[in-house]
Each structure stands twice: as C-alpha cells, then as structure tokens.
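All remarks here apply to the structure that follows.
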Amino acid sequence: MTMIASNSSVGKPVINQMQQYFYDLAALVKSRIQGEEQFTCWFSAEATDFVRLNKSLIRQPGHVHQMILSLRLINGQRHAESSATLGGDLATDNAQCIRMLGQLRGQLDDLPEDPYLLFSQEVHDTEHSVASTLPSSAALVDQILSAAIGTDLVGILAAGPVYRGFANSFGQRNWHQTATFNLDWSLYQSRDKAVKSSYAGLDWDAAIFQARFANAEAQLALLERPSLTVKPGSYRVYLTPTALNELIGMLNWSCLSEKSLRTKQSALQRMRDEGLELHPSITLVEDTLHGVAPGFQQDGFIKPDQLTLLEHGRLVGSVISPRTGVEYGIANNGANGDESTSSLALAGGDLALADVLAELGTGIFISNLWYLNFSDRANGRITGMTRFATFWVEDGVIQGPLNVMRFDDSLFRLWGGKLIGLTRERELLIDGESYGERRVGSTLLPGALIEGVNFVL
C-alpha cells in the first residue's frame, strides 16, 4: 500500500475527480483489449485522516490517500487478475494499466478453463455519490480532546471519503462514493480495567458524541468499585449493540452463504435442513440501501436494495455469489465472491433502552465480547470472553465490574427460546478495520436481553 502525505503534490488534483479518473483508466483498458478478450476493473480509493490518541493527547496524526486498481482479463473461460496501487498521474497510471494488461495476456494460455466463471454482461450502470457533511478532522479532534480532559483516553479517529468503482468491456460503469467517520476509543481506568466505546456514521452529531462520552465516563466511575466474581452457570444477560455485533459477525463465518448451506458447512444448517426457528423477533436483512457499502460487486452484479435473510426467526434467504449460482444452477443475488454480508440490519424490538437495567433485574450487563469462535459449528455453538465494562447487576442496579468470564452457548438458544427482547433503539456500527484499506461494512443493531446464558469459566 502506498501512503501519500496530504501535502504531497502527487495525487492531490485527483481527489475531486476520482470518478472521471477511474473511467478514463477503464476507457484506456477497453481500447487495448484484443480479439475475444473481455475485462473487468475494480477501483478502490480513499482519502482518510487518521488520528491516534493516547493519554487524551494526539499521538499520531496522518493522512492516507490511495487508489488501487484491480484488472481482470478474460478470454473464453480463462481469466487472470492483477492489482496495482496508482500514483495519481494519468500518464503514469495508463502505462501501468498497459503493463498489467500485457502481463495478464501472457498468463491466460497457461491457465485452466474456469467452469464457474460468471461476470456481468448485461450493462447496468449505477451511481451513488453522497457529499460529505463531516466537520473537518481538526474540529472533530478538538471536540474529542475537550471532552477527554481529566480522563485517560486512547483511541483512533478515521474520517474521510471512500470510493468504489466497477467497469467492464461491455461499457458498464458503477460508482459509489461516501464519507464516513469512525471514532473507536477507550477510557482507561487501571490495570485491565477500561471502558470501550465507539461513535461512527455519516453525520457527526456533537450531542450524540457528548452523550456517549458521558455514558462511558459513568461506566468508568463504576470500574473503581471492587471487582466481583460469580460462579460459572446460567445468567440473565444484556448485550449492548457492540457486544451483539460480535455474535452477528460470526454469521459471516460462512453461516449465510448459499455455498456453505449446500455443502452442509453452515452453522445455521439445522435451520435449512430441520426447519429450526429462532425467536419470532429476529428479522435480519442485508440492507444495502441504507448501508455504507456499494450496491455492486467485483463481477459487476447489482445487489438488491434489501435481502431478507432471517424473517420472524425463520431462515428465508442466503447470499448467493455468481460462482455459486453457476455451480448449482440458481440465480445469484449479487453477493461478493466470499458470500459475506456487508450491511446487516437487525430489526429492533419493544424494549426501551432506558429500561434495560430494570428489565435485566439481576444478571450481567455486557458491553463487549471478544475471542469468539465456534465450539460446535453443527449446533451453532459459540464460545467467547467478556471484555471491558462488564458489570454485575442486582435488582436493576449495577453493583460493580465483573471479572472476565467465558461463555459457551448455542445461537439457537441465545436467539431462540432464551431471547427475552430487543431494544427499540438501534446503533450503527461501522467496520473499523483499515489494514490495506478502510472497510465499508456496517451493521445496524439493537441491544439484546437474554435469559440463561451459559458461562463455563
């Protein structure tokens, strides 16, 4: 990955003309293909301000402006793909594309035919461009540091536009441009005690940030109480949206993939094969229309605005990639090649967020989970650890922080007969991963109140 400083002259003129720049590169590639050749192009770019914070001070500010082009050359059923980081100078990047094209052409004859190759040949142009409404990163940092006075805050702010584009030799052009922020921070107390929180979205609301920071400060004060330990067993639990997101994230371990369901590897296999159902309040949708990710994928297929996967507790859909569609003779629904989701939204319930502690009564309030893994995939069984600001609650009143515990339980129980309710309020969570490039995945989730979660350690 090439990191270009914000004050560099390289690439700067491109940032406001990113779409045309990509289309110019695609036109160049189209003019150089030969005979029966076809091509697809995938463009991924960002202009991100990263600000690392430590001890409530700026530790490392930086700016990443990068453009990556992936080019796939196709001839018959043979295809080869290559990616390159672009520099932002059209003449130089045109030369780079020509070199890539020549290298791919030289590889095709040595490659086997791919019987499951499928790429969009029906032109469907789309454009989604959302102008940034974000304050400057400097203004955001000022708000954060002002709120953090007197605390030990550590975290990272990532903010700025992201771009995705697709083009092919049939003339299809797709463009996706949006601007987001993601503030992931912790307030450190002492030793292993900290409160982790986040705020992400497309529009920064100072009042919402202040409210979340105040909530984190209140939890930080609770961490000063002596830590409590309870015996392994079954406990009533409230999972915040952030904690629930860790469980939802496990669904992208091939649970909703049609390929995995067909090959009996999905943790939700019993729902497909045996008709097992979850709680009626569980309705899960891949909501591309309201997510942050683009509505098209790298083969040029268009995703439906909304794809219902779980409806009132029943498995009613799956994510189907073009390859799986060809292999099993079924229609694809524009899923990515790995058949993962990127814009999941879980319907809210009737539980008011303000009533969570009262409804929990006596049990465990869990802010975060981590180290999750399947302990029995065939039965949807997951194990993991509590993390950060997990509290023991009695009669609706937080008594103190709870020492780390390990749970081991089945999704069919947690989201089935043991689910008491979901909060009306939902929280947008944006994937904070930035290794290689900023992710555009997001989830929209409520909190969940669950009876009898099994803790084993």
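Annotations
- Top-ranked residue of segment 351-364 - restricted to ones that are open to solvent by 30 Å² or more (accessible area, probe 1.4 Å) and not charged (D, E, K, R), ranked as nearest to K231 (Cα to Cα): T362
- Test: residue in segment 103-110 that is farther than 30 Å from Q189 by Cβ, assigned to a helix (DSSP H, G or I) and of a type in the set (D, E): no
- A search for C-beta distances below 8 Å between a residue of segment 296-321 that is open to solvent by 40 Å² or more (accessible area, probe 1.4 Å) and any residue that is of a type in the set (F, W, Y) and not in a loop (DSSP other than H, G, I, E, B), counting only pairs 6+ apart in sequence or on different chains, returns Q298/W42; Q298/F166; I302/F296.
- Among the residues of this structure, G348 counts as one that is open to solvent by 10 Å² or more (accessible area, probe 1.4 Å), touching a Ser or Thr at 6+ places or on another chain (Cβ under 7 Å) and farther than 24 Å from V230 by Cβ.
- Segment 191-234, residues that are on the phi > 0 side of the Ramachandran plot and either free of Cβ contacts under 8 Å to residues at least 60 places away in the same chain or surrounded by 13 or more Cβ atoms within 10 Å (Cβ to Cβ) (or both): R191, G201
- The number of residues in segment 150-185 that are over 20 Å from the mean Cα position of the chain (by Cα), under 19 Å from I208 (Cβ atoms) and either of a type in the set (G, A, S) or open to solvent by 20 Å² or more (accessible area, probe 1.4 Å) (or both) comes to 1.
- Flag for Q121 being open to solvent by 10 Å² or more (accessible area, probe 1.4 Å) and either closer than 24 Å to L28 by Cβ or over 19 Å from the mean Cα position of the chain (by Cα) (or both): yes
- S44 being among the hydroxyl-bearing types (S, T, Y), within 24 Å of the chain's Cα centre (by Cα) and closer than 30 Å to A159 by Cβ: yes
- Tabulated pairs, segment 39-61, first on the phi > 0 side of the Ramachandran plot, second aliphatic (A, V, I, L, M) and crowded, with 18+ Cβ neighbours inside 10 Å, C-beta under 6 angstrom, 6+ apart or interchain: S56/A148; S56/L153
- Scope segment 70-95; condition touching a helix residue (DSSP H, G or I) at 6+ places or on another chain (Cβ under 9 Å) and either open to solvent by 60 Å² or more (accessible area, probe 1.4 Å) or in a helix (DSSP H, G or I) (or both); matching residues: N75, R78, E81, S83, D89, L90, D93, N94
- Residue in segment 432-457 that is modelled with the highest pLDDT, counting only those that are open to solvent by 20 Å² or more (accessible area, probe 1.4 Å) and among the charged types (D, E, K, R): E451
- Taken as a whole, the condition of being over 17 Å from R413 (Cα atoms) and either modelled with pLDDT of 95 or more or of a type in the set (A, V, I, L, M, F, W, C) (or both) applies to L228.
- Candidates are the residues of segment 367-382 that are under 21 Å from the mean Cα position of the chain (by Cα) and touching a residue at least 12 places away in the same chain (Cβ under 8 Å); the one that is surrounded by the fewest Cβ atoms within 10 Å (Cβ to Cβ) is Y371.
- Applying the criterion of being touching an Asp or Glu at 6+ places or on another chain (Cβ under 9 Å) and assigned to a helix (DSSP H, G or I) to the residues of segment 262-292, the residue that is most open to solvent (accessible area, probe 1.4 Å) is H290.
- So L251, is it touching a Lys or Arg at 6+ places or on another chain (Cβ under 6 Å) and outside any loop (DSSP other than H, G, I, E, B): no
- Against the conditions (1) buried (at least 20 other Cβ atoms within 10 Å of the Cβ); (2) over 20 Å from the mean Cα position of the chain (by Cα), L429 satisfies every one except (2).
- Some residue of segment 400-420 being over 18 Å from A358 (Cα atoms), among the β-branched types (V, I, T), open to solvent by 60 Å² or more (accessible area, probe 1.4 Å) and not in a strand (DSSP E or B): yes
- Matching option when the condition is over 24 Å from T229 (Cα atoms), of a type outside the set (S, T, N, Q) and in contact with a strand residue (DSSP E or B) (Cβ under 7 Å, 6 or more places away or on another chain), among E451, E427, E433: E427
The values are calculated or read from the model by the stated rules, or taken from the named source; none is laboratory data. All figures in this text were calculated on a predicted structure; none of them were measured in a lab. All Cβ positions, even for glycine, are placed from backbone atoms using ideal geometry, and neighbour counts span all protein chains on display. Remember, those area values only see protein heavy atoms, side chains included, never the ligands or the DNA or RNA. Shrake-Rupley method; radii C 1.70, N 1.55, O 1.52, S 1.80 Å.
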